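Comments concern the structure below.
The values are calculated or read from the model by the stated rules, or taken from the named source; none is laboratory data. Model, not experiment: these values are computed from the prediction. Using ideal geometry, Cβ is built from the backbone for each residue, glycine included, and neighbour counts are taken over all protein chains shown.
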Ligand code: GUN
């Protein structure tokens with residue numbers, strides 16, 4: 001029976017560290033970090049994610065500024081809102097919740113966010129630094145996955161890692177972070193031939209597709225570490241991962257639950273990125289928390 005990678009518990013201890021640090025920094029600088037969250041429209045999944053991010057910020061004593069624009073907002077209105085946050089000297093981090101409504105150019109919006117305030121790590125400058133191996137803002141979910149592995153004492157170096165999914169938010173960046181830690185990395189996707197043969201090679205399997213049940217127990221190497229990034233809300237109102245959890249836990253060595261695995265780690269990393277931006281604003285130096 002697989003051991004559980006408990007993202008909820010690990011993220012709680014990371015957040016506790018951030019909460020204390022925020023208080024210490026406030027005593028020194030008389031200010032707290034501030035995170036601006038921009039949401040356009042009212043997609044239920046996006047609203048729920050934003051709610052969790054804002055609640056975490058509030059709990060940690062991080063100021064939060066929510067900018068809500070209607071579904072009908074024009075691209076220019078979104079860009080104007082971002083420009084005003086870029087220019088606001090009291091805002092440390094800016095996050096634009098994705099996806100954006102149709103008709104708004106996502107790339108243009110991501111590029112509009114000042115890369116120094118880009119707590120998502122999506123700006124081309126941060127993406128470039130990620131691939132060059134620099135000390136940049138790392139995207140939250142990939143960073144959270146690496147922290148989950150590290151905090152659980154899982155060896156990465158020299159092991160075979162397979163990432164299923166090639167998104168800019170998770171698949172591609174987590175593959176690079178695993179590569180940086182000397183894993184031998186394969187990126188598979190919906191068009192990969194004989195996906196099971198590929199995933200069965202994995203000592204560390206990361207699935208970030210968003211298709212419930214697509215990773216079945218027979219696709220998992222016995223003893224493998226299984227990281228499930230999928231979060232699809234079912235008709236039952238519950239969140240479902242990509243992995244057939246009950247069967248997979250009989251085969252895997254370690255496994256993340258959904259919910260309570262990767263999701264809370266993403267939020268903790270967003271808070272950490274915001275804290276890093278704040279420390280940089282206060283000291284003019286990189287915080288060096290980035291792992
Ligand atoms: N939509 C799904 N995941 C994310 C994320 O990590 N950041 C933002 N901004 N939007 C998302």
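Structure notes:
- For region 81-123, the set of residues classified as touching a residue at least 60 places away in the same chain (Cβ under 8 Å) and part of a helix (DSSP H, G or I) consists of 116, 117, listed by residue number.
- Set side by side, the residues 205, 149 differ, and just one is outside any helix (DSSP H, G or I), more than 15 Å from the ligand (Cβ to nearest atom) and touching a residue at least 12 places away in the same chain (Cβ under 8 Å), which is 205.
- Count of region 152-181 residues which are in contact with a strand residue (DSSP E or B) (Cβ under 8 Å, 6 or more places away or on another chain), without any contact (Cβ under 8 Å) to a residue 60 or more places away in the chain, away from the ligand (no atom under 16 Å from the Cβ) and assigned to a loop (DSSP other than H, G, I, E, B): 3
- Any hit, region 166-178, residues being surrounded by 15 or more Cβ atoms within 10 Å (Cβ to Cβ) and farther than 19 Å from residue 269 by Cα: yes
- The residues on offer are 75, 71, and the sole one that is touching a helix residue (DSSP H, G or I) at 6+ places or on another chain (Cβ under 9 Å) and away from the ligand (no atom under 16 Å from the Cβ) is 75.
- From 45, 36, residue being modelled with pLDDT under 95, within 12 Å of the ligand (Cβ to nearest atom) and either over 24 Å from residue 176 (Cβ atoms) or in a helix (DSSP H, G or I) (or both): 45
- Qualifying residue in region 127-134 (condition: more than 13 Å from the ligand (Cβ to nearest atom) and in a loop (DSSP other than H, G, I, E, B)): yes
Residues checked against (1) more than 30 Å from residue 225 (Cβ to Cβ); (2) within 14 Å of the ligand (Cβ to nearest atom); (3) in contact with a helix residue (DSSP H, G or I) (Cβ under 9 Å, 6 or more places away or on another chain):
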{"position": "80", "(1), (2), (3)": "yes, no, no"}
{"position": "99", "(1), (2), (3)": "no, yes, yes"}
{"position": "118", "(1), (2), (3)": "no, yes, yes"}
{"position": "125", "(1), (2), (3)": "yes, no, yes"}
{"position": "137", "(1), (2), (3)": "no, yes, yes"}
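- Test: residue in region 102-113 that is buried (at least 21 other Cβ atoms within 10 Å of the Cβ) and under 19 Å from the mean Cα position of the chain (by Cα): yes
- Where residue 31 falls short, out of the listed (1) within 23 Å of residue 275 (Cα to Cα); (2) touching a residue at least 60 places away in the same chain (Cβ under 8 Å); (3) surrounded by fewer than 17 Cβ atoms within 10 Å (Cβ to Cβ); (4) within 16 Å of the ligand (Cβ to nearest atom): (4)
- Residues that are in contact (Cβ under 8 Å) with a residue 40 or more places away in the chain and under 17 Å from residue 269 (Cα atoms), drawn from region 34-54: 34, 35, 36, 37, 49, 50, 52, 53
- Hey, residue 223 modelled with pLDDT of 95 or more, surrounded by fewer than 23 Cβ atoms within 10 Å (Cβ to Cβ), under 21 Å from residue 150 (Cβ atoms) and more than 15 Å from the ligand (Cβ to nearest atom) or not: yes
- If only residues of region 246-267 that are in a helix (DSSP H, G or I) and away from the ligand (no atom under 15 Å from the Cβ) are counted, the one that is nearest to residue 121 (Cα to Cα) is 248.
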